[in-house]
1. For the range 99-119, what are the residues that are aliphatic (A, V, I, L, M) and out of contact with any helix residue (DSSP H, G or I) (no Cβ under 6 Å at 6 or more places or on another chain)?
2. Taking Thr191, is it more than 15 Å from Pro245 (Cβ to Cβ), at pLDDT below 95 and open to solvent by 20 Å² or more (accessible area, probe 1.4 Å)?
3. Only residues in the range 17-41 that are within 18 Å of Val118 (Cα to Cα) and polar (S, T, N, Q) count as the first member; pair them with residues that are part of a strand (DSSP E or B) and at pLDDT below 95, Cβ under 6 angstrom, at least 6 apart or cross-chain, and list the lot.
4. Tell me which residues, restricted to the range 220-256, are open to solvent by less than 80 Å² (accessible area, probe 1.4 Å), part of a strand (DSSP E or B) and within 20 Å of Gly183 (Cα to Cα).
5. Considering (1) at pLDDT below 95; (2) buried (at least 18 other Cβ atoms within 10 Å of the Cβ), say which one Thr65 fails and leave the rest.
6. Say whether the condition of being among the polar types (S, T, N, Q), outside any loop (DSSP other than H, G, I, E, B) and in contact (Cβ under 8 Å) with a residue 24 or more places away in the chain is met by at least one residue in the range 61-84.
7. State whether the residues of the range 87-101 include one that is over 20 Å from the mean Cα position of the chain (by Cα) and crowded, with 18+ Cβ neighbours inside 10 Å.
8. For the range 38-45, check the following and say yes or no: at least one residue is assigned to a loop (DSSP other than H, G, I, E, B), open to solvent by 10 Å² or more (accessible area, probe 1.4 Å) and either of a type in the set (Phe, Trp, Tyr) or modelled with pLDDT under 95 (or both).
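The values are calculated or read from the model by the stated rules, or taken from the named source; none is laboratory data. None of these values were measured; they are calculated from a predicted model. Here the Cβ positions follow ideal geometry from the backbone for every residue, glycine too, while neighbour counts run over all protein chains shown. Accessible surface is based on the protein model in full, side chains and every heavy atom, while ligands, DNA and RNA are left aside. Shrake-Rupley method; radii C 1.70, N 1.55, O 1.52, S 1.80 Å.
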Amino acid sequence: MNALRLLLTAVAAAMFLPGAGFAADTVSPWVEETGFRMRLSAGPAAGDGTLGAGIELHLGEGWKTYWLNPGPNGIPPRIDFTGSENLAKAEALWPAPARIADGDAEAAGYTGILVVPVTVTPKDPAKPVALKLHIDFGMCEKICVPASADLKLELVPGAKPQAMAAALIEGFKSRVPKPAKLGREGELAVTAIARTSESLGVSVRFPEKAKTRDLFARAEGVALPLPKLNSPGSYSIRLKPGSTPAKIELVAVADGEAIAVPIALDLPAAKP
C-alpha cells in the first residue's frame, strides 16, 4: 500500500507540472464536472491478444464514490460499452474498496484517485478497438448525487502507452481481488461459512501483522448490507427472506492483498 500511495502522489504532482500532458493517442480528453474528472487511458497489452485500458477517476477533496455493492445508501456504478467497434468483450476489474463514512452509516467505496482496469478483447486482434463507454455512478460530498460520463479512446495493437498512466493502471490492478476458494491455504482466506434463513456467518483468516482487515460482499442484481464485524475474523451478513441471491462473492482484504471467494446460497438453510 505504501508503494501505491507514493505512486498516486507522484501522478497527482506530475499532472500539474508544465508540459506534463500525456500523448493524445493513448488517453482520452478529461470529462470534468463538480467533484470529479475522468478519462480513459491505454494500458499494457497482456500478450494473449487482449488490450489494456483504465477508467481513471480523480475525486475532489471531500468527495467519494462507490463500489459495486455500496451499502445501504450508495449508488452502484454501471458501465455500458455499447457503440464500441471491433470489440468482442470488455471486462472492468474493480479494485477492492474501503469502508468510508456515509452520513450516519458506512459505505464501500473510494476516495482520492481510482483507476478501474479494463481488459479488452478485440474481434480482430490485428485491428484497433474504438472503445466507447457510458458510466453511471454515485458521487457524495455532503449529499449524494448521480453522475455520468461518456468516454472514448482508440486502442491500437502494439502502441506504447504513456508510462505513468500504464504504471497507474498496473498499480490498481494489483488491488483487484484474486479468485480464491473457500477454505484455501494461505495467510488470507475465507475459512468457513454458516447459513441461516436470515444471515450468513463468515470466518476469515487474516495475516497476523495486517493492519487493514475487512470483508465485503456483492451479488448480481441484489443490494446487500455491509458485513458486520462481530469479533476478530468473524462477520455476519443479513439476508432478506424471500430475496436471497443464489450466489454471492465475498471479498476479503488485508493491507494490499484482496481475494474474491464465490459462495453458493441456493442450498437449504440450516434449521435453527
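1. Ile100, Ala101, Ala105, Ala107, Ala108, Leu114, Val116, Val118
2. no
3. Close Cβ pairs satisfying both conditions: Ser41/Val27.
4. Hits for the range 220-256 are Ser231, Ser234, Tyr235, Ser236, Ile237, Ile248, Glu249, Leu250, Val251, Ala252, Val253, Ala254.
5. (1)
6. Within the range 61-84, one or more residues are among the polar types (S, T, N, Q), outside any loop (DSSP other than H, G, I, E, B) and in contact (Cβ under 8 Å) with a residue 24 or more places away in the chain.
7. For the range 87-101, residues over 20 Å from the mean Cα position of the chain (by Cα) and crowded, with 18+ Cβ neighbours inside 10 Å: present.
8. There is at least one residue in the range 38-45 that is assigned to a loop (DSSP other than H, G, I, E, B), open to solvent by 10 Å² or more (accessible area, probe 1.4 Å) and either of a type in the set (Phe, Trp, Tyr) or modelled with pLDDT under 95 (or both).
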